[in-house]
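**Q** Quick one: structure below, then a few questions.
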Amino acid sequence: MRKVLLYITILTTGLIFIGRLFYLQVVDTSLAIRSRDNAIKVIYDYPQRGYIYDRNGDLMVSNQPSYDVMVIPRNLKPFDTTEFCNILSIERKDLEKKLDKARIYSPMLPSVIIPQLTKSEYAILQEKMRKYEGFYIQKRSLRDYQVDHSANVLGYIAEVNQATINDNPYYISGDLIGRAGVEAYYEELLRGVKGVKYIQKDRFNRDIGPYKDGIYDTLPEKGKDISLTIDAQLQEYGTRLMENKRGGIVAIEPESGEILALITAPNYDPAKLVGRKRSPNFTELYYDTIARPLYDRGLLAEYPPGSPFKTLNALIGLQEGIVDTDDKFSCNHGYAYGRGRKLGCHAHRSPLDMIPGIANSCNAYFCNVYRRIIEKYPSPQEGIDAWNAHLKSFGLGDFLGSDFYTGKPGKIPDSDYYNQIYDYPTYKWYATATLSNAIGQGEVLMTPIQLANMAATIGNKGWYYTPHILKEIEGKPIKEEKFTKKNYTTIEERHFEPVIEGMHEVYKSGTASTLRIPGIEIAGKTGTAENFTKIDGKRVQLTDHSIFVAFAPVDNPKIAIAVFVENGYWGSRYAGRMASLMIEKYLKGTITRTDMEEWILSHSLEEEYAKPLSGEPFKINQ
Amino acid sequence: MSRNSAGFDWISIFIYLILICFGWANIYSASLGTNTGSFFDLSQPYGKQALFIGLSIFLIIIILSIEAKFYQRFSSIIYLISLLSLAGLFVFGKTISGATSWYSFGSFGIQPSEFAKFATALALAKYLSDIQTNIRQLSHQVKAFIIIAIPALLIVPQPDPGSALVYAAFFFPLYREGLSGFYLVTGLSAVAVFILTLLVGPYWVSGVVLLIGLFLFFRKRKKRPGRILITLFAIISIGLSFSVNYIFENVFEQRHRDRFNIVLGKEVDSRGIGYNTNQSEIAIGSGGWLGKGWTEGTQTKGHFVPEQHTDYIFSTVGEEWGFLGSGMVVLLFVLLLIRLLQLAERQRNQFTRIYGYSVIGILFIHFLVNIGMVIGIFPTVGIPLPFFSYGGSGLWGFTILLFIFIKLDSDRLSY
């Protein structure tokens, strides 16, 4: 015992030590991570975010320096808080709260006290800064908007949230990230790549040189400048036309699928979401649940397309071979079907064949065509699905695939949909049950961008490029296959001629004959869509939506456009006028019909929008 | 060399050299600033340590050249000189970081407590090996205890309780030479009661003591310590438990309590008193299997661990050499201690054996307390890691301690 005691003690100690070392060094990896945290400082070098230009090279978005007032609580010395608060125009209480928060976060690490001072605010502070030990100024780069429109297209940038940080290791707390529109979709292009420097720190948090002589350090890569397909002048003009109205305008260049204008109303000045006022401004926009300025109607609003949809039924009818351009259908103020039911129509001469049918937007004509399409097949299910397949080839009833993170598929019903609604096979349903599809009402829903793309596709006689917003990266045209490959519809080219002629006739003699522009041949189609809302649980009809689609010039379309004005009544009243003005603005650069322009600019629909909220009975379609 | 010389134990010398060299490499890394100067820059700890190592070699040659009998013969005088130098500190001592443990010569200092260890070992060996000493006699036990206690008591008020704690190492030679196991049982019981009291409080401890006491009391065995002794033991244990609790709560200062609480895992305060241990654990833990490489330790470079080139040098080993390196150092110490035990046990001369056991005991206590502290399983007690920690006095003290034994061992055939 006396001889072995020390042996045992020594060996036991050795074993315990090695066990403990094994635990610390091999098993417990959290210690290794903590070492990295406190010994290595990572400094990021943020590159300039890429500029955004319009299709003509006009600058839309650049950058501006902004200045954050930072604090390192440990370095604070007593200072004149009253003066400090005055300079920065903040409450003393708020300052104390922020300092406490910073202290709790870390006494040694910097915290933001006041974010995003402008240059002039910074100028005042700059000369006094030396008096406030512990505070310093961190320069950042913020967006500088050269335009006061297009907020829906451009999107905005904001600090990353925790969810993004968790998902994407590139971002750290405090980084800025694109949050909507182009800023979000092309975030990786625009942001560039931040540079990284690893700095070895000592226990006082002082820098003592680059870690491993900087072998892991990287240089920042500047964000790419991009050009959008947007025409900033057209965009601005459309925004002005849309003032005091709600709705969307989408203009597309048919031969390229480039989005020339994407307007939603109401919108907001993108500069509102920059700087110190960002947060209250955002809250205000976000909680405006009536006008919904953050809601991009051009991309997201699903409306019944109304009469413009008739052109598609005409095309399908021709392709299916169930109608000829000379087939005439009579209209007796509507289309009677079933047991005394009737789908009404307005007064026009009768009977009509296809071209005047389109020009006069005859409901009865298209009910006949639609029934023939569906009834060509042995069952209405097969008929609906054949019809559905044609429409799908126009990019309807599904997401278009544009370069936006937001979008809506719209709705094109199929047999499953009606089977479910009518509880098939317990109950049977027939073409007449779906008859409102003939005139773009009922179950059919489309977004303005789908409408515009439809116009472009008709203008192209059967194909389209997926509408997109990005034109060039650093001056080089995009090569993305999705946007440079033609999508063909199921309709043969030859069938488009009569439909286009019908749409041209709309301008020459039909529902839009008052909207002609001297020197420009336009093909278009008016639309008027019934719509409803719920007031106290009751379904209440509101004034019709005013819809218009068009493309011009007819024989070589340069612009296809869809205009949607909520509760604007009939198609040519608001939407048609706007579409004409937009086309003239884009093709000619000047407006010859200033009276029409004046009418649009001076008319407001605010009264109309207030009706369902007033709580009082109201009349519609006045 | 005399004709009776059996030669020096090269295994021990070899391990010693590895430890010294590896130690210096780590001191170099731990004290390396941002400016890399010459290896022998005397303004830097690593430069000074290089000089100390050089002087150690010189010392070794002298120690091994002197005749072995000299150490036995002059042990009393060496002991006396050592006591005087410790006492002299009260008059001439220089205070460095709060402890008056130094004689100052220009930019160098001598720390006599480092030399008192081998002197005490020599004196104890001399006394115990005396033909007239019988360690089983109480009066002789008291005398031996006095020899050990005087230097310890001179060191405590410096204050340097860590160095004083080292004198517990002399229990090993005493026990080896026949000190009753009673002291061992008593000592260990006291430690157990102490720690358990701090962990679970005196009431639980009392309960456990009573249960064990009752079990022993009623166990039917003939040759057992009497029931009176058991009862006495139980009463003392319970009394100790309550008094420890009282002392801990009322006599100890908060900083003392903190040190214990951190090791016992009762408190975690990584910014205050727990900082040293926490940082040292982080440094070691960040080393992983193979470490970050020599002079590449980020914690070491950032000087996050306080006293890293002295008491916390082992954390540098852990960070830069990983589990492989730190495990190897532990293994080298174990090997050295085991080898020295073998040497001690092969002695026919009682003096050499007792001295050897003292050497092993002292090295072991340093090894235990220092590494135990650095890896967070022992309270913070400031004593160096032999051959590793920066410091001339320490290095020379340990070198002399070890090489006198190697010299004595080489002379074993003359008995």
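The values are calculated or read from the model by the stated rules, or taken from the named source; none is laboratory data. Quick caveat, the model's predicted, so the values are computed rather than measured. Neighbour counts run over all protein chains shown; Cβ positions are idealised from the backbone, glycine included.
**Q** Please name all residue pairs, on different chains or six or more residues apart, with Cβ atoms under 7 Å, provided the first residue is in segment A:151-177 and is within 26 Å of residue A:55 (Cβ to Cβ) and the second residue is assigned to a loop (DSSP other than H, G, I, E, B) and basic (Lys, Arg).
**A** Once the first residue is within 26 Å of residue A:55 (Cβ to Cβ) and sits in segment A:151-177, its partners that are assigned to a loop (DSSP other than H, G, I, E, B) and basic (Lys, Arg) give A:155/A:179; A:156/A:179; A:157/A:179.
**Q** Considering segment A:275-289 alone, what residues qualify as being surrounded by 12 or more Cβ atoms within 10 Å (Cβ to Cβ) and outside any helix (DSSP H, G or I)?
**A** A:275, A:276, A:277, A:288
**Q** Which ones in segment B:363-381 are part of a helix (DSSP H, G or I), within 8 Å of chain A (Cβ to nearest Cβ) and either over 10 Å from the mean Cα position of the chain (by Cα) or β-branched (Val, Ile, Thr) (or both)?
**A** B:371, B:372, listed by residue number.
**Q** Of all residues being of a type in the set (Ser, Thr, Tyr) and surrounded by fewer than 18 Cβ atoms within 10 Å (Cβ to Cβ) in segment A:47-91, which is nearest to residue A:222 (Cα to Cα)? Just the residue, please.
**A** In this case the residue turns out to be A:62.
**Q** Just one of the numbered conditions (1) within 13 Å of chain A (Cβ to nearest Cβ); (2) in a helix (DSSP H, G or I) is not true of residue B:199; which one?
**A** Failing condition for residue B:199: (1).
**Q** Give the residue that is modelled with the lowest pLDDT, with candidates limited to residues of segment A:480-523 that are farther than 19 Å from residue A:593 by Cα and in a loop (DSSP other than H, G, I, E, B).
**A** Across segment A:480-523, the extreme among qualifying residues is A:510.
**Q** Go through (1) in a helix (DSSP H, G or I); (2) at pLDDT below 80; (3) within 14 Å of chain A (Cβ to nearest Cβ) one by one and return the number of the condition residue B:255 breaks.
**A** Only one criterion in (1) in a helix (DSSP H, G or I); (2) at pLDDT below 80; (3) within 14 Å of chain A (Cβ to nearest Cβ) is unmet by residue B:255, namely (3).
**Q** Another question, then. Hey, can you tell me all the residues within segment A:526-585 that are within 20 Å of residue A:610 (Cα to Cα), in contact with a helix residue (DSSP H, G or I) (Cβ under 9 Å, 6 or more places away or on another chain) and aromatic (Phe, Trp, Tyr)?
**A** Result: A:564, A:569, A:570, A:574.
**Q** While we're looking at this one, here's another question. Can you give me the number of residues within segment B:332-362 that are surrounded by fewer than 24 Cβ atoms within 10 Å (Cβ to Cβ), under 30 Å from residue B:294 (Cα atoms) and more than 7 Å from every other protein chain (Cβ to nearest Cβ)?
**A** 3
**Q** Looking at the structure I just gave you, is residue A:111 within 30 Å of residue A:293 (Cα to Cα) and surrounded by 13 or more Cβ atoms within 10 Å (Cβ to Cβ)?
**A** Spelling it out, it is not the case that residue A:111 is within 30 Å of residue A:293 (Cα to Cα) and surrounded by 13 or more Cβ atoms within 10 Å (Cβ to Cβ).
**Q** A further question follows. If you take the residues in segment A:92-108 that are aliphatic (A, V, I, L, M) and free of Cβ contacts under 8 Å to residues at least 24 places away in the same chain, which one is surrounded by the fewest Cβ atoms within 10 Å (Cβ to Cβ)?
**A** A:104
**Q** Looking only at segment A:338-374, filter to residues that are assigned to a strand (DSSP E or B) and out of contact with any Phe, Trp or Tyr (no Cβ under 7 Å at 6 or more places or on another chain); which one of those is nearest to residue A:506 (Cα to Cα)?
**A** A:344
**Q** Given the condition within 11 Å of chain A (Cβ to nearest Cβ), under 23 Å from residue B:340 (Cβ atoms) and either crowded, with 21+ Cβ neighbours inside 10 Å or touching a residue at least 24 places away in the same chain (Cβ under 8 Å) (or both), answer yes or no: does some residue in segment B:146-160 qualify? Before you say what the answer is, go through the steps one by one.
**A** Keep residues of segment B:146-160 that are within 11 Å of chain A (Cβ to nearest Cβ), which gives none.
No, segment B:146-160 contains no residue that is within 11 Å of chain A (Cβ to nearest Cβ), under 23 Å from residue B:340 (Cβ atoms) and either crowded, with 21+ Cβ neighbours inside 10 Å or touching a residue at least 24 places away in the same chain (Cβ under 8 Å) (or both).
**Q** Go through (1) away from every other protein chain (no Cβ under 14 Å); (2) under 30 Å from residue B:322 (Cβ atoms) and name the single condition residue A:97 misses.
**A** Single failed check for residue A:97: (2).
**Q** So residue B:321 ticks every box in (1) assigned to a loop (DSSP other than H, G, I, E, B); (2) within 11 Å of another protein chain (Cβ to nearest Cβ) but one. Which box is left unticked?
**A** The number of the failed condition is (1).
**Q** Hey, can you tell me all the residues within segment B:278-300 that are on the phi > 0 side of the Ramachandran plot and either of a type in the set (S, T, N, Q) or more than 9 Å from every other protein chain (Cβ to nearest Cβ) (or both)?
**A** Within segment B:278-300, B:293, B:295 qualify.
**Q** Also: Hey, can you tell me all the residues within segment B:67-103 that are part of a loop (DSSP other than H, G, I, E, B) and exposed (fewer than 14 other Cβ atoms within 10 Å of the Cβ)?
**A** Narrowing segment B:67-103 to residues part of a loop (DSSP other than H, G, I, E, B): B:67, B:74, B:93, B:97-98.
Within segment B:67-103, B:67, B:97, B:98 meet the criteria.
**Q** Which members of segment B:301-315 meet the condition of being closer than 17 Å to residue B:382 by Cβ and within 13 Å of chain A (Cβ to nearest Cβ)? Write out each step before concluding.
**A** Just the residues of segment B:301-315 that are closer than 17 Å to residue B:382 by Cβ, to begin with: B:305-315.
Once the filter is applied, which keeps residues that are closer than 17 Å to residue B:382 by Cβ and within 13 Å of chain A (Cβ to nearest Cβ), segment B:301-315 yields B:305, B:306, B:307, B:308, B:312, B:314, B:315.
**Q** Kindly provide the set of residues from segment A:4-22 that are more than 7 Å from every other protein chain (Cβ to nearest Cβ) and of a type in the set (Gly, Ala, Ser), ordered by number.
**A** Answer for segment A:4-22, where residues must be more than 7 Å from every other protein chain (Cβ to nearest Cβ) and of a type in the set (Gly, Ala, Ser): just A:19.
**Q** Suppose the filter is in a helix (DSSP H, G or I), of a type in the set (A, V, I, L, M) and surrounded by 24 or more Cβ atoms within 10 Å (Cβ to Cβ); does residue A:587 pass it?
**A** Details: in a helix (DSSP H, G or I): yes; of a type in the set (A, V, I, L, M): yes; surrounded by 24 or more Cβ atoms within 10 Å (Cβ to Cβ): no.
When the stated conditions are applied, residue A:587 does not pass them.
**Q** Now, a different point. How many of the residues making up segment B:275-316 are under 14 Å from residue B:45 (Cβ atoms), among the hydrophobic types (A, V, I, L, M, F, W, C) and modelled with pLDDT under 80?
**A** Summing the residues that are under 14 Å from residue B:45 (Cβ atoms), among the hydrophobic types (A, V, I, L, M, F, W, C) and modelled with pLDDT under 80 in segment B:275-316 gives 0.
One line per residue, one yes/no per condition, for (1) in contact with a strand residue (DSSP E or B) (Cβ under 9 Å, 6 or more places away or on another chain); (2) within 21 Å of residue A:107 (Cα to Cα); (3) of a type outside the set (A, V, I, L, M); (4) outside the structural domain of residue A:129 (by TED's automatic domain parsing):
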{"site": "A:58", "(1), (2), (3), (4)": "no, no, yes, no"}
{"site": "A:61", "(1), (2), (3), (4)": "yes, no, no, no"}
{"site": "A:64", "(1), (2), (3), (4)": "yes, no, yes, no"}
{"site": "A:67", "(1), (2), (3), (4)": "yes, no, yes, no"}
{"site": "A:71", "(1), (2), (3), (4)": "yes, yes, no, no"}
{"site": "A:74", "(1), (2), (3), (4)": "no, yes, yes, no"}
{"site": "A:80", "(1), (2), (3), (4)": "no, yes, yes, no"}
{"site": "A:88", "(1), (2), (3), (4)": "yes, no, no, no"}
{"site": "A:91", "(1), (2), (3), (4)": "no, no, yes, no"}
